[in-house]
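Before any comments, here is the structure.
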Amino acid sequence: MEESFDDPSCLSPQAPGCVSPARRQIREVKETKTTINGVTFPLPGEGPEQQLLKPKEWSYCDYFWTDKKDPQGTPSVAGFEVLLQKQLKGKQMQKEMSEFIHERIKIEEEYAKNLSKLSLSPLAAQEEGTLGDAWTQLKKSLHDEAEVHLKFANKLHTEVEKPLLTFRCDNFKKDLKKYDHHIADLRKQLASRYASVEKSRKALADRQKDLEVKTQQLEVKLSNKTEEDIKKARRKSTQAGDDLMRCVDLYNQTQCKWFEEMVTTSMELERLEVERVEWIQQHLRQYTTLRHETDMFNQSMVEPVDQLLQNVDPAKDRELWVRENNTGDVRPVDMDI
């Protein structure tokens, strides 16, 4: 016999294990899955084990599915919002690095100016002979050194400061807002679908309860309800069950779309972060190259910086950041009826 939402034999609370498919599925959802802020997740230890989408890469697309509590009082921050904040912070860090190089340039320019001024000093100008020649050459070397530092400052401006300052200036924040709005709209749709599911679930429970009461009243002859009343209640119960299935299907479709967009967009943000780190690495290495050219005697001061820049690893940086900031690696799953 085909089961339906309105089978009276499945409405008696005295019949263990005999419940409608809707009730049985609802109970299974409570046991194996949970919905948090409109997103459905498996409970720990329930269902098949999920494999990471990009194992061993600490990819954004694997670690930001769960919402994160905001310490400043906001109820929660979406995992995707954490990724966007990372991008904005990166943009600010890039700006501050440019400002730092600008201050370095000012120091070099001032130093060059002072060296050049000192090279023109008349002090000990009356020294004679070979010692006088050596003294004159020493003062001239200050002028040459000033030129080197001034050239260093000019190259720092064109080859380091300016690239850091202008990288991603055009429409970058607008693009981030587009990503933000797109994913946020999908979350709103998901929340709306979930509200519809809950409303339909309650409607089904009410219809089933009404059918159960009318059936029991008819059996004990406490009411003048006819078989026609029972059939009508049964039809409403069946319709409520169909509505619930439709709402759950729409919810799962919306969650699937959100899931796919989350993966695609988070991967794009990950690519942008790698690009940013490598761009800064490239231009800071140019800084050390220029520094070597400016003063070969100070290599020992620059070499540790060189070594650290060679060791810059976007993947490692991402792993450290993801470890500290991830909001959860359990992916959403379809809701059951």
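A few comments on the model shown:
- Any hit, the range 156-172, residues being open to solvent by less than 50 Å² (accessible area, probe 1.4 Å) and over 30 Å from GLU110 (Cβ atoms): yes
- Residue in the range 29-47 that is modelled with the lowest pLDDT, counting only those that are open to solvent by 60 Å² or more (accessible area, probe 1.4 Å) and under 20 Å from SER196 (Cβ atoms): LYS30
- Matching entry among LYS91, LYS139 (being basic (Lys, Arg), within 43 Å of the chain's Cα centre (by Cα) and surrounded by 13 or more Cβ atoms within 10 Å (Cβ to Cβ)): LYS91
- Residues being closer than 30 Å to LYS155 by Cβ and at pLDDT 90 or above - total across the range 293-337: 0
- Restricting the range 248-258 to residues that are open to solvent by 10 Å² or more (accessible area, probe 1.4 Å), touching a helix residue (DSSP H, G or I) at 6+ places or on another chain (Cβ under 9 Å) and not hydroxyl-bearing (Ser, Thr, Tyr) leaves a set whose member that is farthest from LEU53 (Cα to Cα) is LEU250.
- Of the residues LEU83, LEU52, the single one that is among the hydrophobic types (A, V, I, L, M, F, W, C), modelled with pLDDT of 90 or more, surrounded by 15 or more Cβ atoms within 10 Å (Cβ to Cβ) and in contact with a helix residue (DSSP H, G or I) (Cβ under 7 Å, 6 or more places away or on another chain) is LEU83.
- Residue in the range 119-133 that is in a helix (DSSP H, G or I), open to solvent by 90 Å² or more (accessible area, probe 1.4 Å), free of Cβ contacts under 8 Å to residues at least 24 places away in the same chain and within 30 Å of GLU268 (Cβ to Cβ) present: no
- If you filter the range 158-214 down to residues that are in contact with a helix residue (DSSP H, G or I) (Cβ under 8 Å, 6 or more places away or on another chain) and of a type in the set (Val, Ile, Thr), you find that the one that is nearest to VAL248 (Cα to Cα) is VAL197.
- Any chance GLU103 is within 23 Å of TRP279 (Cβ to Cβ), in a loop (DSSP other than H, G, I, E, B) and of a type outside the set (Val, Ile, Thr): no
- With respect to being in contact with a strand residue (DSSP E or B) (Cβ under 9 Å, 6 or more places away or on another chain) and either in a helix (DSSP H, G or I) or closer than 30 Å to GLU275 by Cα (or both), TYR179 falls outside the description.
- Number of positions in the range 60-80 that are closer than 24 Å to LYS174 by Cα and at pLDDT 90 or above: 9
The values are calculated or read from the model by the stated rules, or taken from the named source; none is laboratory data. Being a predicted model, the structure only gives us computed values, none of them experimental. So basically every Cβ, Gly included, is an ideal-geometry build from the backbone, and we count neighbours across all protein chains shown. In case anyone asks, the SASA skips ligands and DNA or RNA and just uses the protein heavy atoms, side chains included. Shrake-Rupley method; radii C 1.70, N 1.55, O 1.52, S 1.80 Å.
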